[in-house]
Amino acid sequence: MPNLPDVPLQGLYGDLILDHYRNPRHRTPVSHADVEAEEFNPFCGDRVILQFRLDGQGRIVEAGAQSEGCSIIQASASMLADIALGKSVAELERLSQLFRTMMRGEPSTGEAEDELGDLHSLQVVRQFPVRIKCALLPWTALEIGIEGFRSKNS
Ligand code: ZN
């Protein structure tokens with residue numbers, strides 16, 4: 001496995017990332033999931049599996065994220081599962097776009113930052129281009145999961 005640069009996790013943002021890494025939210029797999037996906041990044045050994053269950057109104061009522069690999073992917077997966085609860089699939093897609101915009105380093109509004117919540121802290125990863133993939137892997141999985149969900153339900 002190649003040696004990837006370590007993202008220094010200091011300060012408020014670092015604390016948030018480490019908190020999610022050490023205490024991942026919603027790690028328990030969800031049964032009867034409506035949206036599910038798995039993604040793997042062989043470059044650094046990151047893997048993520050996601051499950052979401054929707055209620056009759058199309059809101060996410062149960063979220064599961066199991067990940068392994070570096071601290072960045074594990075934190076990103078935990079934050080994704082956490083923020084997904086109560087949202088619709090379309091809202092989650094919008095959030096995914098906001099997150100990608102932030103990770104590309106494009107200017108984002110304060111409003112977008114509020115919406116991103118803890119995910120906002122992952123912007124520290126931007127200085128390490130090879131690690132951006134780690135932060136994005138759960139979101140790539142999410143998008144694939146949503147695609148599968150839509151093709152099943154159309
Ligand atoms: Zn990684």
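Computed from the C-beta positions of residue 88 and residue 22 and an R0 of 35 Å, the FRET efficiency is 0.70 to the nearest 0.05. Shown here is the pair-distance distribution of region 97-154: with all Cα-Cα distances grouped in 10 Å bins from zero up to the longest one, the shares run 21, 45, 25, 8, 0 percent.
The residues neighbouring residue 121, those whose beta-carbon lies less than 11 Å from its own, together hold a net charge of -4 under the Lys/Arg +1, Asp/Glu -1 convention.
Other residues within the sphere of radius under 11 Å centred on the Cβ of residue 54, judged by their own Cβ, net out at 0 (K and R +1, D and E -1). Taking only Cα atoms and a 10 Å spring cutoff, compute GNM fluctuations for the chain and point out the largest among 88, 31, 67. Ranking 88, 31, 67 by mean-square fluctuation puts 31 first. Using C-alpha pairs under 8 Å with a sequence gap of at least 6, the mean separation divided by the residue count of the chain gives a relative contact order of 27 percent. As a rough footprinting exposure proxy, the listed residues 49, 73 were ranked by other beta carbons within 10 Å of their own, and the order from fewest upward is 49, 73. Projecting label points 7 angstrom from Cα along Cα→Cβ for residue 40 and residue 154 puts them 2.8 nm apart.
Of the residues 102, 79, the one with the fewest other Cβ atoms within 10 Å heads the list, and the complete ranking is 102, 79. Counting only alpha carbon atoms, the long axis of helix 11-22 and the longest principal axis of the chain meet at about 50°.
Placing +1 on the Cβ of every Lys and Arg and -1 on the Cβ of every Asp and Glu, with nothing else charged, gives region 26-152 a dipole about its Cα centre of roughly 280 debye. Fully extending the segment from residue 12 to residue 55, taken as 0.36 nm per residue of separation minus the present Cα-Cα distance, adds 12.0 nm. Helix 129-152 axis versus longest C-alpha principal axis of the chain: approximately 10°, rounded to the nearest ten.
The coefficient of translational diffusion for the chain, derived via Stokes-Einstein from the alpha carbon Kirkwood radius under 25 °C and 0.890 mPa s, stands at 158 µm²/s. Relative to the longest principal axis of the chain, what angle (0 to 90°, nearest 10) does the C-alpha long axis of helix 71-84 take? Its long axis makes an angle of about 30 degrees.
Coordinate-derived values only; no laboratory data. Keep in mind that what you see is a predicted model, and the values were worked out from it rather than measured. Neighbour counts are summed over all protein chains in view; Cβ atoms, including those assigned to glycine, are modelled from backbone coordinates with ideal geometry.
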